[in-house]
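Undergrad: Please see the structure below; I have some questions.
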Amino acid sequence: MQLDSPFIQLPVRFDADVLAAEIDALGETPWRPHPNGLPGNSALPLVSSEGDPTREVTWGPMRPTAYLQHCPYLQQVMASLGTVVGRTRLMRLSGHAEVSPHVDIAYYWRQRMRVHVPIRTQPTVRFICGDDEINMAEGECWIFDTWRRHRVLNDAVQSRTHLVLDTVGGAGFFNLLSQSRPFDEPTNGWSTRYIGPDATASTKMAFESVNLPAVMTPWEMREHLGFILGCAMPHPQLGQANALCAQLIHQWQALWAEHGESVAGVPAYSAAMTAFEQSLSACARQIPLHNQSGLFDCIKSLVCQVALDERMRRSESREPAATTGA
């Protein structure tokens, strides 16, 4: 999610030692290699699609895994954020390893914030976002701008472990956000509230259930395309890309008015998107965005790949053939 600042610190802090002890008690078995195969990166799923720790996808009903049930303080920490909880993992970065530079351009990240609570770290671990970098200290709570190019470097021997919670927000969370501190603002007069282990504290959480449209509405499509085009750098082909996007929105609006989310509209929706992607590919592959991503890749990821859910396509293929009366 694009933020006003590369890093924002929330006004809460937690007991990292207690969190670390709960994690240690789980043992090594639950840890899984990073789904993208990044060297030195591993994860322990706490909330995943349908509660299945082997499901690395970012769609489907997000539910707690069995591992989270064994961590009462971890549950308390997550519940204290007052947010709708999406995919959540413990992310571990081995000594002398890194998270390579990247931008989160997938649809899932367009409206989701990524909350970091460092549990095990050291002062030399550097989190770099855009042109800025910080060290997130143990027990602190941060979000960062995933739309900027970012990376993490661990130059020490010890591993770094963070609680990483994805969320669209919630009433309690936005209240915390209103009291937060951009990383480059002075801490004078600003403080964090300590939330220690409390057996009586609530661990009740709301979990994300809807995260992918069956058919993207034309209003959502217009918002995404306008956002990406607004991030484009000057380029001779940008005018043509704008025209193609406007044409798609008008076409999608008409199809939506005719079909909505009906399976009957799948062939027309699919044909419109295929033609758009082919035309855009021919003119927009060299258009850069200010975050060093490419315009075509971002539109493909944010719009083309998700405007029509694959489950809708499968439903359409299973529809019985129409019969005619005598």
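Undergrad: For the chain, which whole-number percentage of the solvent-accessible area (1.4 Å probe, protein heavy atoms only) is attributable to carbon and sulfur atoms?
TA: 52 percent
Undergrad: Here is a follow-up. Can you work out the FRET efficiency for the pair N135 and A171, with r the C-beta to C-beta distance and R0 = 22 Å, to the nearest 0.05?
TA: That gives a FRET efficiency of 0.10.
Undergrad: Also: Would you list the P(r) distribution for region 122-208, with all Cα-Cα distances sorted into 10 Å bins from 0 and each bin expressed as a whole %?
TA: Binned Cα distances yield the sequence 12, 39, 37, 12, 0.
Undergrad: Would you rank H70, H34, H102 by solvent-accessible area, highest first, keeping every protein chain in place and using a 1.4 Å probe?
TA: H70, H102, H34
Undergrad: Here is a further query. Nearest 10 degrees, 0 to 90: what angle lies between the long axis of helix 238-259 and the longest principal axis of the chain (Cα atoms)?
TA: That works out to roughly 80 degrees.
Undergrad: Taking the Cα centre of each part, how many Å lie between region 1-21 and region 29-45?
TA: Using only Cα atoms, the two centres lie 21 Å from each other.
Undergrad: Under a plain spin-label model, where a point goes 7 Å from the Cα along Cα-to-Cβ, how far apart in nm are S279 and A21?
TA: 6.3 nm
Undergrad: Using 0.36 nm per residue, how much length does the chain from A156 to L238 gain when fully extended, once their Cα-Cα distance is taken away?
TA: Contour length minus the Cα-Cα distance gives 25.1 nm.
Undergrad: Also, I was wondering about something else. For the chain, what does the equivalent ellipsoid look like in terms of its semi-axes, each the square root of 5 times an eigenvalue of the Cα gyration tensor, given largest first in whole Å?
TA: Those come to 38, 25, 18 Å.
Undergrad: For region 213-304, compute Rh as the Kirkwood radius over C-alpha pairs and then the Stokes-Einstein diffusion coefficient at 4 °C and 1.567 mPa s; write the answer in µm²/s, rounded to an integer.
TA: 97 µm²/s
Undergrad: Specify which residue in the list V57, V103, A79 is farthest towards the positive end of the charge dipole of the chain, using unit charges on the beta carbon of Lys, Arg (+1) and Asp, Glu (-1), about the Cα centre.
TA: V57
Undergrad: In deg cm²/dmol and to the nearest 500, what is the mean residue ellipticity at 222 nm of the chain if only DSSP H runs of at least 4 residues count, each as -39500 (n - 2.57), divided by the residue total?
TA: -9500 deg cm²/dmol
Undergrad: Simple spin-label model, 7 Å along Cα-to-Cβ: D198 to T217 in nm?
TA: 3.8 nm
Undergrad: Roughly speaking, what is the centre-to-centre gap between region 208-284 and region 102-117 when only Cα atoms are used, to the nearest Å?
TA: That distance is 21 Å.
Undergrad: So what's the Cα pair-distance distribution over region 62-192, bin width 5 Å, in %?
TA: Binned Cα distances yield the sequence 2, 9, 18, 23, 21, 18, 8, 1, 0.
Undergrad: Place a point 7 Å from Cα of H96 in the direction of its Cβ. Which residues in region 146-189 have their backbone N less than 17 Å from it?
TA: The answer is 153-160, whose backbone nitrogens lie closer than 17 Å to the label point.
Undergrad: Oh, and also: Which three extents, in whole angstrom, do the alpha-carbon atoms of region 145-297 cover along their principal axes, largest first?
TA: 55, 38, 35
The values are calculated or read from the model by the stated rules, or taken from the named source; none is laboratory data. It should be emphasised that the depicted structure is a prediction, and the values quoted were computed from it without experimental measurement. With ideal geometry, Cβ positions are generated from the backbone for all residues, glycine too; neighbour counts draw on all protein chains shown. The accessibility values were calculated without ligands, DNA or RNA, using every heavy atom of the protein model including side chains. Shrake-Rupley method; radii C 1.70, N 1.55, O 1.52, S 1.80 Å.
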